[in-house]
1. Sort Thr24, Thr63 by heavy-atom solvent-accessible area, probe 1.4 angstrom, most to least.
2. Enter the accessible area of Lys3 (Å², nearest 10), with the probe set to 1.4 Å and all protein chains included.
3. Provide the solvent-accessible area of Asp41, counting protein heavy atoms only and rolling a 1.4 Å probe, rounded to the nearest 10 Å².
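The values are calculated or read from the model by the stated rules, or taken from the named source; none is laboratory data. This structure is a prediction, so every number in the text was calculated from the model and none was measured. For the accessible areas, the whole protein counts, side chains as well, though only heavy atoms, and no ligand, DNA or RNA atoms are used. Shrake-Rupley method; radii C 1.70, N 1.55, O 1.52, S 1.80 Å.
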Amino acid sequence: MGKVIEFLARVGGDASLRHASTDTVDAALREAGVDDDDLRDAFSAKDGDAVRLLLGQRAYFSTQMPIAPEHEEQEDPLDGEDEDGDGEPDDTVAYMPPTGTHR
């Protein structure tokens, strides 16, 4: 496996191997000492799925989670909501008798 990793490192450092012909890739694999015919065929065919399968790589899944919850503005618990825009809270906070009805 080390020879395959060395070959991959070489490909990463030499962009001409990425787009090289099948013969050139095969020669580079032989030069690196990769003896596995299936791996050489997969590399020469530029079949990444076959290479991953032959190297034993399984599917990798990852999720991205935020580090902290998004900032939400805190509501004042004493403020009622004014959904209709008339300036008055829509929720009944407490019952107050109408003005002028005192006895």
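1. On the way: Thr24 65, Thr63 110 Å².
Order by accessible area, largest first: Thr63, Thr24.
2. Roll a 1.4 Å probe over it and Lys3 shows about 100 Å².
3. My reading of the accessible area for Asp41 is about 100 Å².
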